[in-house]
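**Student:** Right, I'll just put the structure down here and ask away after.
The values are calculated or read from the model by the stated rules, or taken from the named source; none is laboratory data. Keep in mind it's a predicted model, so treat the numbers as computed, not measured. Note: ideal-geometry Cβ built from the backbone for every residue, glycine included; neighbour counts use all protein chains shown.
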């Protein structure tokens, strides 16, 4: 299953890499696909698209974009995609410079941004689909729970409960003594009071069942 998913992402990336450059050309020349400049640079890119694709895929492999379990993707994985997109497009720029087939410099910047959207988007869609699927499969026996502590540990506990639906528990409220955190949301769960409010909040959670 993991190998099939990695292969699926690999093929999608190969497609997205080329879509990024075509869209970058389209944006750069304001949609004038019949113009001489668009046609000139499109044909120039077409002559090198296989090498461009291989270069970028090799760099994506180096950055291990096919290793993480994307349904648990976090900011760290997002930053890895950002860096991989920048490095891979810089490598393509170097390749095109060596081959004396340069595209406008703005194309490489636009392609990097589009890579972040397309390459990152498909990966984080796994997380979104997992969250939606988990929500659809929740049943009435799921317990509503209170998390005490709105710091890093509390945020980690919330993520664990959300990612592991087999625990059959759903965080609905956070208790934290920091007045600055009151009313804020942590991973989609509200901070609703301090320790002195625990009894009343517990009663409120009971009434939600």
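**Student:** When the residues of region 161-185 are narrowed to those that are loosely packed, with under 13 Cβ neighbours inside 10 Å and within 25 Å of the chain's Cα centre (by Cα), which ends up modelled with the lowest pLDDT?
**Tutor:** Kept after step one, since they are loosely packed, with under 13 Cβ neighbours inside 10 Å, are these residues of region 161-185: 164, 166, 168, 178-180, 183, 185.
When the remaining residues are screened for being within 25 Å of the chain's Cα centre (by Cα), the result is 164, 166, 185.
Numbers: 164: 71, 166: 67, 185: 87.
Among those residues, the one meeting the criterion is 166.
**Student:** Can I ask one more? Would it be correct to say that residue 92 is within 19 Å of residue 22 (Cα to Cα), in a helix (DSSP H, G or I) and modelled with pLDDT of 85 or more? Before you say what the answer is, go through the steps one by one.
**Tutor:** Values: within 19 Å of residue 22 (Cα to Cα): yes; in a helix (DSSP H, G or I): yes; modelled with pLDDT of 85 or more: yes.
When the stated conditions are applied, residue 92 passes them.
**Student:** Restricting to region 186-209, what's the tally of residues that are more than 32 Å from the chain's Cα centre (by Cα), under 12 Å from residue 147 (Cβ atoms) and part of a loop (DSSP other than H, G, I, E, B)?
**Tutor:** Of the residues in that region, 0 qualify.
**Student:** Taking residue 21 and the conditions (1) over 26 Å from the mean Cα position of the chain (by Cα); (2) assigned to a helix (DSSP H, G or I), which numbered condition does it fall short on, given that it satisfies the others?
**Tutor:** (1)
**Student:** Look at region 75-89 and say how many of its residues are at pLDDT below 90 and loosely packed, with under 13 Cβ neighbours inside 10 Å. Steps first, answer last, please.
**Tutor:** Keep residues of region 75-89 that are at pLDDT below 90, which gives 75-78.
Retained after the next criterion (residues that are loosely packed, with under 13 Cβ neighbours inside 10 Å): 75-76.
The total comes to 2.
**Student:** Separate question: Regarding residue 144, is this residue modelled with pLDDT under 85 and either touching a helix residue (DSSP H, G or I) at 6+ places or on another chain (Cβ under 6 Å) or on the phi < 0 side of the Ramachandran plot (or both)? Step through it out loud before you land on a result.
**Tutor:** On the way: modelled with pLDDT under 85: yes; either touching a helix residue (DSSP H, G or I) at 6+ places or on another chain (Cβ under 6 Å) or on the phi < 0 side of the Ramachandran plot (or both): yes.
Yes: the conditions hold for residue 144.
**Student:** Would you confirm, using the coordinates I've provided, whether residue 97 is surrounded by 12 or more Cβ atoms within 10 Å (Cβ to Cβ) and either within 19 Å of residue 122 (Cβ to Cβ) or not assigned by TED's automatic domain parsing to the domain that holds residue 164 (or both)? Give the steps one after another, and end with the answer.
**Tutor:** Numbers: surrounded by 12 or more Cβ atoms within 10 Å (Cβ to Cβ): no; either within 19 Å of residue 122 (Cβ to Cβ) or not assigned by TED's automatic domain parsing to the domain that holds residue 164 (or both): yes.
In short, no.
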